[in-house]
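Enquirer: Shown below is the structure under consideration.
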Amino acid sequence: MPRTRDPDEPKIYFLPNLMTACNLACGFFAVLMIFRGLVEVGSAKIPPKEYYEHVKSYYEYAILLIFGSCLFDLLDGRLARLGGQESPFGQEFDSLADIISFGMAPAMLLSKAVLFPLGNLGWAIALIYLVCGAMRLARFNCLANMPKKPGASTDFRGLPIPMAAGFIASLTFLIIDLHKNDHELRYWKYVLAGAMLGLSLLMISDIRYPSFKKVGWRTRGTLPAIVIAVLLLYITVQFRYVMPVVLFSIYLVYGMIRPWISQRMRRGIEVDDEEDPPARANGTTPPEP
């Protein structure tokens with residue numbers, strides 16, 4: 001006898017939620033890599049000046065896994081909208097995965113990879129980032145569940161947490177590469193500490209950031225745009241330690257200067273399309289948060 005589905009049971013779509021599960025898995029293994037680095041340093045009693053030589057590979061793996069989480073977070077939203085498979089379950093699952101992949105993992109990475117000389121202050125800064133990220137996700141879900149008004153903006157309020165995590169991971173990636181032969185962090189630990197506090201404030205701010213969710217399979221492009229995209233991809237691969245920082249920084253700064261950019265230019269950059277209904281990554285609202 002076929003099983004009768006409970007009408008109150010949430011809909012769970014396979015492909016979007018599989019991407020979210022992969023996002024969570026990347027976050028879990030990123031945290032695991034950081035722990036493995038800590039265990040190796042502790043068991044070997046490594047002097048501070050040799051710290052990076054022994055843990056650099058673990059932190060680089062963790063950073064790449066955070067980048068992987070960003071990719072899967074992008075894919076789950078695209079797949080959900082493409083198949084019309086938005087659901088409240090997907091929305092909540094996505095947020096729970098994000099707090100691990102883009103909250104806990106970057107906070108631990110930063111406090112141990114760069115801010116460890118600051119001691120308890122470094123842990124406090126990482127905690128502030130994690131709390132602000134959790135508040136960002138909670139506020140997003142509250143706003144997403146409110147009734148939508150016709151023509152309402154689909155912009156993000158505050159910096160999306162995947163972008164904050166991507167910026168932290170890419171900047172840490174660059175710093176580790178710059179200091180692979182020089183173990184003195186000098187002023188970099190203060191730069192990244194200040195950047196992390198700034199990102200924390202941006203996540204809970206009211207600054208509007210575009211979702212770019214309307215850039216999809218049917219988005220029209222031009223030949224120059226395609227050529228530029230290919231060149232940008234090539235440059236990113238060639239300068240893999242520098243370009244991620246540049247790309248995430250552009251998005252971060254764009255949201256802050258966006259109010260002063262003309263509507264026409266913004267529509268061109270953001271591929272505006274009023275007919276595209278709002279939808280969230282694997283949920284009922286735009287992908288992210």
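FYI, it's all coordinate maths here, none of it is from the lab. Since we're looking at a predicted model, the values are computed, not measured. Ideal geometry is used to build each Cβ from the backbone, glycine not excepted, and the neighbour counts take in all protein chains shown.
Enquirer: Report the FRET efficiency, 1/(1 + (r/R0)^6), for His179 and Met135, where r is their Cβ-Cβ distance and R0 is 22 Å, rounded to 0.05. Provide the component values of the computation, followed by the final result.
Expert: Details: r = 32 Å, r/R0 = 1.47.
My answer for the efficiency is 0.10.
Enquirer: Here's a follow-up. Provide the three semi-axes, in whole Å and in decreasing order, of the ellipsoid equivalent to segment 65-156 as defined by the square roots of 5 times the Cα gyration tensor eigenvalues.
Expert: Numbers: eigenvalues 187, 52, 19 Å².
Those come to 31, 16, 10 Å.
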